[in-house]
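K.L.:
One structure, as structure tokens, below. Some questions next.
The values are calculated or read from the model by the stated rules, or taken from the named source; none is laboratory data. Bear in mind that the values here come from a model prediction, so they are computed numbers and not experimental data. Ideal geometry is used to build each Cβ from the backbone, glycine not excepted, and the neighbour counts take in all protein chains shown.
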Amino acid sequence: MTVHLFTPSAPPASAQASAFLRLRQICLVATELDPVVEDLCAVFGVEVCHRDPEVGQFGLHNALMPFGQQFIEVVAPTRPDTAAGRYLDRRGGDGGYMVILDTDALPRWRTHVAAIGVRVAAPLALGEYEGMQLHPRDTGGALLELNTTLGGAALDGPYWPAGPHWQQHVRAQRVSGIAGAVLQSAEPQALARRWSQILQRPLAQDHLAQDHLALDNATLRFVQEGDGRGEGLAALLLHTRDAAAIESAARARGLPCREGQVTVGGVQFHLQAA
């Protein structure tokens, strides 16, 4: 898969004034939790900030790691016949699972997705956190979640899924954030149009006619599926401060690696200077 690096464009002034919509978290799914978490920590120089016991109700266990002021989560099944387990079977192993956005206007998004016929697969509410996971048959591409945490407008403020002390676990010597996510599909233009409608962000095209849309702090890109794994979250773009250290650590662990790209947990990580 060829991914061309890009810089997210600024959202319209009206969007800046009214509400934010940010890429806050990416979720990977793995057959075994610990090996993927250990690879992520060793390669990118990050550490676990939180393990959420609440995911046990879905037959999962998890770990979250800050990548700057965004997060990568890994989930893995703890029992047979879970949605995550079926997803692993469908896509042939470990890989990308969820795109998670945060906002300060969740009621407006609830009204909007209902109006365009997108079902809520799982409403989420716990303490100062609310959200909704949208039905993947209505979105395509990946599980899409929108959430909000009371008092979480500042990126360094509260973010409930990452635990109460996530700021103490930020390690940004190698990676300072997530620049974007790449969704692959046999029909990437149709998928891009659907996500544009859902997220109310316009599409743009690069010189290869690949579609992308800008969030407030990252970009979502839509590309042709070419690895035989079907539709899904295929790659992430990272703001990196020490790509050489990342690549060296990946090689030391026997992970697929080439200049500017490493693969961990079935996901390609494209490295671009912060």
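K.L.:
All but one of (1) crowded, with 21+ Cβ neighbours inside 10 Å; (2) under 18 Å from the mean Cα position of the chain (by Cα) hold for ALA250; which doesn't?
P.N.:
With (1) crowded, with 21+ Cβ neighbours inside 10 Å; (2) under 18 Å from the mean Cα position of the chain (by Cα) applied to ALA250, the lone miss is (2).
K.L.:
Then there is this: State which residue is nearest to THR219 (Cα to Cα) when the search covers only segment 87-114 and only residues that are of a type in the set (Phe, Trp, Tyr) and assigned to a helix (DSSP H, G or I).
P.N.:
Result: TRP109.
K.L.:
Would you please list the contacts, defined by Cβ atoms under 6 Å and residues six or more apart or on different chains, that run from a residue in segment 135-156 that is free of Cβ contacts under 8 Å to residues at least 24 places away in the same chain to a residue that is basic (Lys, Arg)?
P.N.:
From residues that are free of Cβ contacts under 8 Å to residues at least 24 places away in the same chain, the pairs are HIS135/ARG119; ASP138/ARG119.
K.L.:
Return yes when ALA76 is in contact with a Ser or Thr (Cβ under 7 Å, 6 or more places away or on another chain), on the phi < 0 side of the Ramachandran plot and among the small types (Gly, Ala, Ser) and no when it is not.
P.N.:
Spelling it out, ALA76 is indeed in contact with a Ser or Thr (Cβ under 7 Å, 6 or more places away or on another chain), on the phi < 0 side of the Ramachandran plot and among the small types (Gly, Ala, Ser).
K.L.:
Let me ask something additional. Pick from ARG171, ARG194: which is in contact with a helix residue (DSSP H, G or I) (Cβ under 9 Å, 6 or more places away or on another chain) and either closer than 30 Å to PHE44 by Cα or β-branched (Val, Ile, Thr) (or both)?
P.N.:
Matching residue, one of ARG171, ARG194: ARG171.
K.L.:
Mind telling me which of the residues THR219, THR240 ends up being out of contact with any Pro (no Cβ under 8 Å at 6 or more places or on another chain) and buried (at least 19 other Cβ atoms within 10 Å of the Cβ)?
P.N.:
THR240 is the lone residue from the list that is out of contact with any Pro (no Cβ under 8 Å at 6 or more places or on another chain) and buried (at least 19 other Cβ atoms within 10 Å of the Cβ).
K.L.:
Going residue by residue through segment 241-261, is there one that turns out to be β-branched (Val, Ile, Thr) and within 20 Å of LEU23 (Cα to Cα)?
P.N.:
No.
K.L.:
Name every residue in segment 139-151 that is over 11 Å from ILE198 (Cβ atoms) and touching a helix residue (DSSP H, G or I) at 6+ places or on another chain (Cβ under 6 Å), in order of residue number.
P.N.:
LEU143, THR148, THR149 - these are the residues of segment 139-151 that are over 11 Å from ILE198 (Cβ atoms) and touching a helix residue (DSSP H, G or I) at 6+ places or on another chain (Cβ under 6 Å).
K.L.:
For segment 153-185, which positions are of a type outside the set (S, T, N, Q), surrounded by fewer than 20 Cβ atoms within 10 Å (Cβ to Cβ) and part of a loop (DSSP other than H, G, I, E, B)?
P.N.:
Listed by number, the residues that qualify are ALA153, ALA154, LEU155, ASP156, GLY157, PRO158, GLY163, PRO164, HIS165, VAL170, ARG171, ALA172.
K.L.:
Touching a helix residue (DSSP H, G or I) at 6+ places or on another chain (Cβ under 7 Å) and farther than 24 Å from GLY180 by Cβ: does that describe ALA42?
P.N.:
Criteria not met by ALA42.
K.L.:
So, one more: Sort out which residues of segment 199-242 are assigned to a strand (DSSP E or B), farther than 29 Å from ALA172 by Cβ, modelled with pLDDT of 95 or more and not hydrophobic (A, V, I, L, M, F, W, C), and write them in order of number.
P.N.:
Correct list: ASP211, GLN224.
So that you can scan it fast, the table gives a plain yes or no per residue for (1) among the aromatic types (Phe, Trp, Tyr); (2) over 27 Å from GLY93 (Cα atoms); (3) in contact (Cβ under 8 Å) with a residue 12 or more places away in the chain:
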| residue | (1), (2), (3) |
| --- | --- |
| VAL182 | no, no, yes |
| TRP195 | yes, no, yes |
| LEU213 | no, yes, yes |
| VAL223 | no, no, yes |
| GLY226 | no, no, yes |
| LEU233 | no, no, yes |
| LEU236 | no, no, yes |
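K.L.:
Just to be sure before I move on: is LEU191 aliphatic (A, V, I, L, M), in a strand (DSSP E or B), at pLDDT 95 or above and within 30 Å of ALA19 (Cα to Cα) in the structure I sent?
P.N.:
Judged against the criteria, LEU191 is not a match.
K.L.:
Considering only residues that are more than 22 Å from the chain's Cα centre (by Cα) and at negative phi, look in segment 109-120 and name the one that is surrounded by the fewest Cβ atoms within 10 Å (Cβ to Cβ).
P.N.:
If we take residues in segment 109-120 being more than 22 Å from the chain's Cα centre (by Cα) and at negative phi, then ALA115 is surrounded by the fewest Cβ atoms within 10 Å (Cβ to Cβ).
K.L.:
To continue, here is another question. For segment 171-196, name all the residues that are closer than 13 Å to LEU213 by Cα and hydroxyl-bearing (Ser, Thr, Tyr).
P.N.:
Selection gives SER196 alone.
K.L.:
Within segment 131-138, is there a residue that is in a helix (DSSP H, G or I) and over 19 Å from TRP195 (Cα atoms)?
P.N.:
no
K.L.:
When you look at LEU64, is it part of a strand (DSSP E or B) and aliphatic (A, V, I, L, M), yes or no?
P.N.:
yes
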